[in-house]
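The values are calculated or read from the model by the stated rules, or taken from the named source; none is laboratory data. Quick caveat, the model's predicted, so the values are computed rather than measured. Cβ placement follows ideal geometry from the backbone for every residue including glycine, while neighbour counts extend to all protein chains displayed.
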């Protein structure tokens, strides 16, 4: 069955630096890969979607890459701020089936 | 405002007492789903529905029922709750994108404790 691994449970980054989160998957490549942000006690909020034929997608300070050969997506937050502290989830989307990773808790330290 | 509304937000119940968690969306989406989220296990899909009167099992359907009689509502039913169903539940509604892929909109969550 499809497995998703997000690099670490928690990541501490100094304010102003770039935070990089990793999402690795096994088995089949998804047609689409999504990233969500989740704050404590709240539902996930969609951030970005990247398609299998796209290498990179950007939105303001966010950048997502998708490497189907490595079976990996990287999620970058540049010029990170304490307000970026949250849990970030990647999700694989294929044939109307969406599978989530367990998430990475990101702490931006002032 | 585009919304997915779940009720109740918090619920404490006892083993065996049937309960329903309601979910409603105002975006006219066809696809809706239910997830549970547990520490260390992440979000796991319970059931999903691709349209009215069409429902399918997700990864962890045991002990749950759903119905989809109208497009906007997708209630989650626990006929006989057990303590292992204590969890944080999310309803989600999907928007299909023109170029392919989906965006999921999540409700605020229902924290359920079964004693």
Kindly indicate whether residue A:57 is within 20 Å of residue B:94 (Cβ to Cβ) and surrounded by fewer than 20 Cβ atoms within 10 Å (Cβ to Cβ). yes
Take the conditions surrounded by 14 or more Cβ atoms within 10 Å (Cβ to Cβ), more than 10 Å from every other protein chain (Cβ to nearest Cβ), closer than 20 Å to residue A:5 by Cα and within 14 Å of the chain's Cα centre (by Cα) and apply them to residue A:100. Does it pass? no
What's the total number of residues in the range B:1-17 that are more than 16 Å from residue A:43 (Cα to Cα) and either assigned to a strand (DSSP E or B) or touching a helix residue (DSSP H, G or I) at 6+ places or on another chain (Cβ under 8 Å) (or both)? 4
Pick out, from the range B:34-115, the strands (runs of 3 or more DSSP E) lying fully within it that include 1 or more residues that are in contact (Cβ under 8 Å) with a residue 24 or more places away in the chain, within 11 Å of chain A (Cβ to nearest Cβ) and buried (at least 16 other Cβ atoms within 10 Å of the Cβ). B:42-51, B:87-96, B:102-106, B:110-114
Criterion violated by residue B:20 - all others in (1) assigned to a strand (DSSP E or B); (2) closer than 24 Å to residue A:36 by Cβ satisfied: (2)
For the range A:35-53, state whether one or more residues are more than 30 Å from residue B:47 (Cβ to Cβ) and within 14 Å of chain B (Cβ to nearest Cβ). yes
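Residue-by-condition table, conditions (1) within 11 Å of chain B (Cβ to nearest Cβ); (2) under 23 Å from residue A:10 (Cβ atoms); (3) touching a strand residue (DSSP E or B) at 6+ places or on another chain (Cβ under 7 Å):
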{"position": "A:61", "(1), (2), (3)": "no, yes, yes"}
{"position": "A:68", "(1), (2), (3)": "no, no, no"}
{"position": "A:83", "(1), (2), (3)": "no, yes, no"}
{"position": "A:88", "(1), (2), (3)": "no, yes, yes"}
Given (1) within 14 Å of the chain's Cα centre (by Cα); (2) modelled with pLDDT under 95, residue B:53 misses just (1)
From the options A:39, A:93, residue that is in contact (Cβ under 8 Å) with a residue 24 or more places away in the chain, closer than 18 Å to residue B:90 by Cβ, loosely packed, with under 14 Cβ neighbours inside 10 Å and out of contact with any helix residue (DSSP H, G or I) (no Cβ under 9 Å at 6 or more places or on another chain): A:39
Any residue in the range B:74-82 that is in contact with a helix residue (DSSP H, G or I) (Cβ under 7 Å, 6 or more places away or on another chain) and within 25 Å of residue A:42 (Cβ to Cβ)? yes
